[in-house]
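Undergrad: This is the structure I want to talk about, given as structure tokens.
The values are calculated or read from the model by the stated rules, or taken from the named source; none is laboratory data. Since we're looking at a predicted model, the values are computed, not measured. For neighbour counting, all protein chains shown are included, and Cβ atoms are generated from backbone atoms with ideal geometry for every residue, glycine included.
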Amino acid sequence: TASARQQTDLQGKTVMITAGPTREPLDPVRYISNHSSGKMGYAMAAAAADAGANVILVSGPVSVPPPAGVNVVNVETAQQMFDAVMQHVQATDIFIATAAVADYRAKVLENNKIKKTGDELTLTFVKNPDILKEVAALPNAPFAVGFAAESQNLAHYAKSKLENKKLAMVAANDITTSGLGFNSDHNALHVFWENGDKQLGPAPKTQLARELLSLIDEKYKNKPS
Ligand code: CTP
Ligand code: CA
């Protein structure tokens with residue numbers, strides 16, 4: 001399409017992206033986390049840097065190398081990710097939350113290694129801050145884009161997240177589609193905004209990131225499509 005060929009220009013804009021999983025410690029040697037590779041977020045960061053934006057990439061632990069020309073802030077826990085995001089949000093024009101943030105953390109961080117005792121182990125978890133929701137609720141909120149990895153009722157859950165978190169856009173992907181998402185180099189997205197939607201891919205994450213960023217740029221600048 002014409003809009004995809006058109007160069008995305010984000011010169012002078014600051015784009016903050018969260019990426020990767022978070023890691024929530026249980027004791028000095030253990031943590032809970034998830035399978036997020038960070039690839040989609042890192043591809044979004046590379047695309048934003050190519051578009052001339054000042055990019056802040058707040059990343060959980062991943063094995064992919066950071067793209068050139070991007071400011072990386074490495075974090076482990078959801079709380080650390082929240083703090084890093086809040087530190088830079090005032091200067092941010094566009095916020096893109098690709099991170100697979102752990103929804104809960106252990107209520108108690110044990111000082112000593114948890115010993116193997118009974119046949120069952122029960123741990124209590126408490127909710128982590130919803131980084132994206134808090135950002136979108138700020139008085140001078142940036143243009144906020146969320147991701148939604150769903151295993152069922154994709155459109156329904158994606159639209160609920162758009163409304164509940166007061167987002168500008170949500171990019172949803174179906175995690176049950178084999179070969180796509182999490183650890184893959186490919187993905188497909190169904191993007192929703194207030195009065196429209198668009199399907200992107202399946203495509204390599206690098207190409208998909210450029211297409212999604214072009215769509216974000218279009219809606220952010222309120223360009224006619
Ligand atoms: N997100 C976030 N902080 C959290 C949880 C989620 O910033 N504590 C962001 C994710 O980066 C993503 C969006 O919110 O952009 C949606 O995440 P998702 O896990 O799909 O939604 P949740 O609101 O956590 O709901 P649920 O896990 O129950 O589907
Ligand atoms: Ca979640």
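Undergrad: Does D103 count as closer than 22 Å to V191 by Cβ, within 16 Å of ligand 2 (Cβ to nearest atom) and among the charged types (D, E, K, R)?
TA: Details: closer than 22 Å to V191 by Cβ: no; within 16 Å of ligand 2 (Cβ to nearest atom): yes; among the charged types (D, E, K, R): yes.
In short, no.
Undergrad: Can you confirm whether segment 110-124 contains a residue that is under 24 Å from Y31 (Cα atoms), touching a residue at least 12 places away in the same chain (Cβ under 8 Å) and within 16 Å of ligand 2 (Cβ to nearest atom)?
TA: Narrowing segment 110-124 to residues under 24 Å from Y31 (Cα atoms): 110-124.
In the following step, the residues that additionally are touching a residue at least 12 places away in the same chain (Cβ under 8 Å) were identified as 110-114, 123-124.
Okay, now just the ones that are also within 16 Å of ligand 2 (Cβ to nearest atom), so none.
Within segment 110-124, not a single residue is under 24 Å from Y31 (Cα atoms), touching a residue at least 12 places away in the same chain (Cβ under 8 Å) and within 16 Å of ligand 2 (Cβ to nearest atom).
Undergrad: Go over the candidates N183, N195 one by one and state the one that is at pLDDT below 95 and either aromatic (F, W, Y) or more than 19 Å from Y42 (Cα to Cα) (or both). Walk me through it before giving the result.
TA: Values: N183 fails: either aromatic (F, W, Y) or more than 19 Å from Y42 (Cα to Cα) (or both).
Among N183, N195, only N195 is at pLDDT below 95 and either aromatic (F, W, Y) or more than 19 Å from Y42 (Cα to Cα) (or both).
Undergrad: So if I check each of I17, I32, which one is crowded, with 23+ Cβ neighbours inside 10 Å, within 28 Å of F125 (Cα to Cα) and touching a residue at least 12 places away in the same chain (Cβ under 8 Å)? Even if it seems obvious, please write down each step before you answer.
TA: On the way: I32 fails: crowded, with 23+ Cβ neighbours inside 10 Å.
Every option except I17 fails the conditions.
Undergrad: Report yes if A99 is closer than 27 Å to L162 by Cβ and either within 10 Å of ligand 1 (Cβ to nearest atom) or at pLDDT below 95 (or both), otherwise no. Give the derivation first.
TA: On the way: closer than 27 Å to L162 by Cβ: yes; either within 10 Å of ligand 1 (Cβ to nearest atom) or at pLDDT below 95 (or both): yes.
Taking the combined requirement at face value, the residue satisfies it.
Undergrad: When you scan segment 15-30, do you find a residue that is farther than 26 Å from Y220 by Cβ, touching a His at 6+ places or on another chain (Cβ under 8 Å) and at pLDDT 95 or above, even just one? Spell out the reasoning first.
TA: As a first pass, look at segment 15-30 and keep what is farther than 26 Å from Y220 by Cβ: 21-30.
Retained after the next criterion (residues that are touching a His at 6+ places or on another chain (Cβ under 8 Å)): 21.
Going one step further and asking which of them are at pLDDT 95 or above, we end up with 21.
For segment 15-30, residues farther than 26 Å from Y220 by Cβ, touching a His at 6+ places or on another chain (Cβ under 8 Å) and at pLDDT 95 or above: present.
Undergrad: Condition test on K166, is it charged (D, E, K, R) and in contact with a strand residue (DSSP E or B) (Cβ under 6 Å, 6 or more places away or on another chain)?
TA: On the way: charged (D, E, K, R): yes; in contact with a strand residue (DSSP E or B) (Cβ under 6 Å, 6 or more places away or on another chain): no.
Here the answer is no, as K166 does not meet what is asked.
Undergrad: Let me ask something else about it. If I ask for residues that are under 17 Å from I216 (Cα atoms), more than 16 Å from ligand 2 (Cβ to nearest atom) and in contact with a helix residue (DSSP H, G or I) (Cβ under 9 Å, 6 or more places away or on another chain), which ones from segment 170-195 would you list? Steps first, answer last, please.
TA: Initial filter on segment 170-195 (under 17 Å from I216 (Cα atoms)): 170-173, 188-195.
Filter again for more than 16 Å from ligand 2 (Cβ to nearest atom), leaving 188-195.
Within segment 170-195, A188, L189, H190, V191, F192, W193, E194 qualify.
Undergrad: With respect to T98, determine if the residue is closer than 17 Å to V55 by Cα, within 13 Å of ligand 2 (Cβ to nearest atom) and touching a residue at least 60 places away in the same chain (Cβ under 8 Å). Full working, then the answer.
TA: Values: closer than 17 Å to V55 by Cα: yes; within 13 Å of ligand 2 (Cβ to nearest atom): yes; touching a residue at least 60 places away in the same chain (Cβ under 8 Å): yes.
Yes: the conditions hold for T98.
Undergrad: For residues that are more than 14 Å from D197 (Cα to Cα) and assigned to a strand (DSSP E or B), scanning just segment 149-169, find the one that is nearest to ligand 2 (Cβ to nearest atom).
TA: Going through the qualifying residues, I end up with A149.
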